[in-house]
Amino acid sequence: TAIQARNLKLQLAPCYGATETAGMVSALTPGDFLSGINNCGRALSDVELKINPSSNAIEVRSKRLSSGWINGAKLQQFTNNNGWWCSGDAGQLTITGLEITGRLDWAINSGGATVFPEQVEAALCHSKGVAALLLVGLPDPEWGEKLVALVRIKPGADQQLVIKELCIEANKLPPAERPKKWFLSPQLETNREGKWERKRWLEWAKKKDCEIY
C-alpha cells in the first residue's frame with residue numbers, strides 16, 4: 001500500500017495513462033508522493049488535461065495520442081475535431097494534480113448520487129480478515145441501484161466479526177456508499193492480470209444466494 005511504501009521511503013511516482021495515450025500523461029513526483037499526496041500528479045510537458053463538465057470524464061490532448069483504430073478499411077479517430085480524447089475514467093484536477101475517482105462504465109447511481117465502487121473498496125478493504133472485497137450495483141426500486149459487497153474472508157478469520165467490522169467502517173461513509181448487503185464469496189478473486197472482471201461478479205451477485213449478515 002501507499003502507507004507501507006512511504007514507511008519504507010520508496011521513491012514512487014504514481015501516474016495516469018492509457019493505451020490510447022502511449023503511456024503516462026501525468027505523474028506525481030517521488031517527493032510529493034513521500035509527502036503524503038495521493039493523486040497522479042500534473043500533466044507532462046507535452047500534454048493537456050481537462051475534465052468534461054457534464055460527465056467528469058478525463059480528457060487528454062497531446063501529439064502522443066494514437067492516430068485511431070481500424071474500423072473495417074477505415075481509420076477511426078479517437079479524438080474529436082479539436083484533438084481531445086475522452087477517456088472512460090472520471091476525475092478531478094486539483095492544485096496538486098489529477099485525482100482519479102473511478103471508471104465511468106462502472107459508476108453506480110444510488111439514491112441520486114454517483115458512486116464509484118473503487119473508492120468505496122479502498123475505504124473498506126483494510127480489515128485484517130478480508131482477503132478480497134468487490135462492490136457492484138444491483139437494481140433496486142428504492143435506490144435505483146443498491147451497492148452490494150462481495151467478500152472473501154481469510155482462512156481462520158471469524159466471518160461474523162469481519163463483517164461486523166466492515167459494517168462499522170461502512171457506516172462512516174455517506175448513505176449512498178454504504179453496501180446494502182454483504183455476500184460471502186469464497187471464490188472471489190481477480191483475473192491473471194490482477195484486474196476485476198466486474199461484469200462476471202455482477203452476474204454472480206444477481207444469481208448467487210449467499211448468506212447475508
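Any read-out appearing in this document is the output of simple, stated calculations on the displayed coordinates, not a laboratory observation. A quick note: this is a predicted structure, and the numbers were derived from the prediction, not measured. Neighbour counts are summed over all protein chains in view; Cβ atoms, including those assigned to glycine, are modelled from backbone coordinates with ideal geometry.
Some points to look at:
- Extension gain, residue 158 to residue 191: 0.36 nm times the residue separation minus the Cα-Cα distance gives 9.3 nm.
- Listed peptides 111-118, 97-104 appear in the order 97-104, 111-118 once ranked by packing, highest mean of other Cβ atoms within 10 Å at the front.
- Annotation for residue 94 and residue 76: the two label points, set 7 Å from Cα along the Cα-Cβ direction, are 3.6 nm apart.
- Cα-Cα pairs of the chain separated by more than 27 Å (percent): 43 percent
- Extending 7 Å from the Cα toward the beta-carbon at both residue 6 and residue 57 defines two label points whose distance is 3.3 nm.
- Shape category assigned to segment 108-207 from the gyration tensor of Cα positions, a/c cut at 1.5: oblate
- With the simple model of a label 7 Å out from the Cα in the direction of the Cβ, residue 123 to residue 86 spans 2.8 nm.
- Filtered trypsin sites (Lys or Arg not before Pro), segment 163-194: DSSP coil and at most 12 other beta carbons within 10 Å: 172, 192
- Rounded to 5, the percent of DSSP beta bridges in segment 108-207 classed as antiparallel: 80 percent
- The lysines within cross-link reach of residue 195, meaning a Cα-to-Cα straight distance under 25 Å and a gap of 8 or more places when in the same chain, are 128, 146, 154, 180, 181, 206, 207, 208.
- If you bin all the Cα-Cα distances of segment 2-104 at 10 Å, starting from zero, the percentages per bin are 15, 42, 29, 11, 3, 0.
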